[in-house]
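For reference, the structure discussed in these notes is given below.
The values are calculated or read from the model by the stated rules, or taken from the named source; none is laboratory data. All of these numbers come straight from a predicted model, not from anything done at the bench. Glycine also receives a Cβ, built like all others from the backbone with ideal geometry; neighbour counts cover every protein chain displayed.
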Amino acid sequence: MKITTRTLKTGQMLLKPGTRIENLYILQSGCVSICLTKNSRLIEVAKLFSPFSIGDEAAFGPLSWTSTALALRDSSVIEIPVALVREQLDKAPLMHRMLIKALSDTCKASFAELKAQRSNRETLPCPPEFTSKIFGVIFHTARILGTAGDRGTSVSWEAFRDYAHEVFDEPLHRLEDGIGVLLKMGYASLHQETLTIYEMKQIEAFFEYYSNSYFRSSNKDFLKTDPKSTKVTEEFIKVSNNYPTDRGGFAHLPFKATMDAMKAALGQSFESDQLFRLEQKGLLMKRVANAEGGTLSFYKPDFEQMILNWKVLKEIETWNENGFVNSEGSAGAVTLAIHPSAASQPAEVDYAAERQRFSALLTNWKPAASEGKVPQIRTETRKPEELWCPVCMSVIQKSWKSCEVCGNPIA
């Protein structure tokens, strides 16, 4: 029985329903989501950050895992065999065993209640009622803190994250994934802790379009992407580029020549009705009859902007389906610098000092495994001259500032 360290890639599954728990997992870095499956969809129950244990109930008896544990970003976990944990518990004093069992049962009951509440409603990483908010927060935070340049608006990632959370009360995990969408689309980059946003006008146009469509319109089909409509709109814009646009932004196309060009691009099955169905998506056009077969007139900037809006909507739909944003290969990578609980301290607490303490404790802490060895759990009973860590009960020394196994500060 050995303690090992396991690395998880973004989107990799740690545990799936029906798995018999043989190891207790301690989250060392990254983020793991606990999800339930409902109607073929994953509903998130909780996000776990370091340090957090998974499957510790198995220490008190056989356990079959009923949820899905999914890594939302690159993570590292320490695997401790359940048999080894039980052996340690058997050697512990009876009072300690009873206390640990009572705490475990309390956490289990609380988590079961949380799962029941979450499973009774649709839970999405980016709910529709918060979609316009997240991109509005990104835009206004960058506008307020950032410096505009030729390549875009640049801002310190740490200052950006803290301001968005403290001023706009935006959850850090959703803010990070929202930035991940922009990274994936090439609208932003992150290098050396500096966030650069290239498409500020597009971000502003998108959240205004979404808020108007969601909160003011009764037709929610505006906010659903349709590959067929997207393809028709893209080809229609390409055809319109062959004709002049007036100074007001309106394009005027000959009807018959336009339909022939659309059929050549999309196939002979294309009918003019498919073009006019775009009005259901909010894209309006006007047909005027004349001796040459009529003309089509439309406001071209609206069509071009809608294509960009649909691309963002498609990424959000993928985000909600997968439960995470995979921005691998994009310019930069987003990682949380502190545990979310560190960003919500009471007003009387020195926030800067607390953030620094949490950052050092939870982010930069690495167990002995990072030094080429695996932390060893005691197998013998406590000796009179030994000092124990109050959290993990491992042997410590008076000169230590923190436990080398669990990272707990030693007073």
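Of note:
- Near pairs, Cβ below 6 angstrom, 6+ apart or cross-chain, from region 305-321 (without any contact (Cβ under 8 Å) to a residue 60 or more places away in the chain and of a type in the set (D, E, K, R)) to any residue that is part of a helix (DSSP H, G or I) and surrounded by 15 or more Cβ atoms within 10 Å (Cβ to Cβ): none
One line per residue, one yes/no per condition, for (1) touching a helix residue (DSSP H, G or I) at 6+ places or on another chain (Cβ under 8 Å); (2) among the small types (Gly, Ala, Ser); (3) outside any loop (DSSP other than H, G, I, E, B); (4) assigned by TED's automatic domain parsing to the domain that holds Cys35:
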| position | (1), (2), (3), (4) |
| --- | --- |
| Thr66 | no, no, no, yes |
| Leu70 | no, no, yes, yes |
| Ser76 | no, yes, yes, yes |
| Ile80 | no, no, yes, yes |
| Arg86 | yes, no, yes, yes |
| Leu99 | no, no, yes, yes |
| Ala102 | no, yes, yes, yes |
| Thr106 | no, no, yes, yes |
| Phe111 | no, no, yes, yes |
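- Scanning region 153-185 for residues being at pLDDT below 90 and either among the hydroxyl-bearing types (Ser, Thr, Tyr) or on the phi > 0 side of the Ramachandran plot (or both) gives a total of 1.
- Residue that is nearest to Val32 (Cα to Cα), among those in region 171-195 that are in contact (Cβ under 8 Å) with a residue 12 or more places away in the chain and in a loop (DSSP other than H, G, I, E, B): Pro171
- The residue that is nearest to Trp319 (Cα to Cα), among those in region 153-170 that are in contact with a helix residue (DSSP H, G or I) (Cβ under 6 Å, 6 or more places away or on another chain), assigned to a helix (DSSP H, G or I) and of a type outside the set (A, V, I, L, M, F, W, C), is His165.
- Residues of region 177-222 that are farther than 20 Å from Thr10 by Cα and among the hydroxyl-bearing types (Ser, Thr, Tyr): Tyr187, Thr194, Thr196, Tyr198, Tyr209, Tyr210, Ser211, Ser213, Tyr214, Ser217, Ser218.
- Checking Ser269, Ser297 one by one, the residue that is over 30 Å from Phe130 (Cβ atoms) and in contact with a His (Cβ under 6 Å, 6 or more places away or on another chain) is Ser297 and no other.
- Number of residues in region 124-135 that are buried (at least 20 other Cβ atoms within 10 Å of the Cβ) and in a helix (DSSP H, G or I): the value is 3.
- Selection status of Ala265, of a type outside the set (S, T, N, Q), modelled with pLDDT of 85 or more and closer than 27 Å to Val312 by Cα: yes
- Looking across region 263-294, the residues that are polar (S, T, N, Q) and under 14 Å from Leu253 (Cα atoms) come down to Ser272, Asn290.
- Lone unmet requirement of (1) surrounded by 19 or more Cβ atoms within 10 Å (Cβ to Cβ); (2) under 30 Å from Ala46 (Cα atoms) for Phe303: (2)
- Meets criteria (among the aliphatic types (A, V, I, L, M), in contact (Cβ under 8 Å) with a residue 12 or more places away in the chain and more than 22 Å from Leu308 (Cβ to Cβ)) for Leu145: yes
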